[in-house]
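Report on the structure given below.
The values are calculated or read from the model by the stated rules, or taken from the named source; none is laboratory data. Remember, predicted model here, so these are calculated numbers, not experimental data. Glycine also receives a Cβ, built like all others from the backbone with ideal geometry; neighbour counts cover every protein chain displayed. Just the protein is used for accessible areas: all its heavy atoms, side chains included, with ligands, DNA and RNA removed. Shrake-Rupley method; radii C 1.70, N 1.55, O 1.52, S 1.80 Å.
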Amino acid sequence: QVQVVESGGGLVQVGGSLKLSCTASGRTFSSFVMGWFRQAPGKQREFVAGVSRGGDNTYYADSVKGRFTISRDNAINKVYLQMNSLKPEDTAVYYCAADSTVFISAIPSAYDYWGQGTQVTVSS
């Protein structure tokens with residue numbers, strides 16, 4: 001049984017920073033491509049960032065490129081999302097997801113395991 005758990009959400013002012021963490025247990029962490037998605041009220045879940053199994057390749061949505069950084073530490077089974085220069089439109093529930101395949105996908109249905117989500121609210 002694979003479990004994915006996010007942490008680190010909260011309330012932050014415009015222009016501020018926040019770092020999300022995620023851990024996946026139940027299988028070898030390095031066997032997963034990891035991704036971050038988000039969903040705002042009334043909107044579809046959208047891809048934010050993904051990182052390859054070894055951490056050497058990353059992929060970002062255009063809306064966060066240059067502001068967000070995804071990274072992973074396979075030694076402690078964690079993936080991170082560093083979010084800088086936050087905007088009100090970044091407000092959403094952020095989800096961490098694990099994918100058993102090789103390539104980073106921006107499609108939610110490609111991911112096998114999901115966390116419960118963590119709320120990020122950017123106030124103006």
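Not counting ligands, DNA or RNA, and with a 1.4 Å probe, what is ILE107's accessible surface area in Å² rounded to the nearest 10?
100 Å²
What is the gain in length, in nm to one decimal, between ARG67 and VAL5 on full extension, counting 0.36 nm per residue of separation less the C-alpha to C-alpha distance? It would help to have the intermediate numbers written out before the result.
Details: separation 62, 0.36 × 62 = 22.32 nm, distance 2.32 nm.
Result: 20.0 nm gained on full extension.
How would GLU46, GLU6 line up by accessible area, probe 1.4 Å, largest first? Don't skip to the answer; put the middle values down first.
Details: GLU46 80, GLU6 20 Å².
So, going from the largest accessible area down, we get GLU46, GLU6.
Not counting ligands, DNA or RNA, and with a 1.4 Å probe, what is TYR80's accessible surface area in Å² rounded to the nearest 10?
40 Å²
Counting only other residues whose beta carbon sits under 15 Å from that of LEU20, what net charge do I get with K and R as +1, D and E as -1?
Values: positive: LYS19, ARG38, ARG67, ARG72, LYS78; negative: GLU6, ASP73, ASP90.
For residues surrounding LEU20, the net value is +2.
State in Å² the accessible area per residue of the chain; use a 1.4 Å probe, count heavy atoms of protein chains only, and round to the nearest integer.
Ligands and nucleic acids excluded, the figure is 50 Å² per residue.
What do the square roots of 5 times the Cα gyration tensor eigenvalues come to for region 23-76, in whole Å, largest first, as semi-axes of the equivalent ellipsoid?
Details: eigenvalues 101, 41, 13 Å².
The three semi-axes for region 23-76 are 22, 14, 8 Å.
Share of region 20-88's accessible area from carbon and sulfur, percent, 1.4 Å? Walk me through the numbers on the way to the answer.
Working: 1420 of 3250 Å².
Carbon plus sulfur share of accessible area: 44 percent.
Over the chain, what relative contact order in percent results from Cα pairs under 8 Å that are six or more residues apart?
Reported relative contact order: 36 percent.
With the calculation restricted to Cα positions, what are the radius of gyration and Dmax of the chain in angstrom?
13.3, 41
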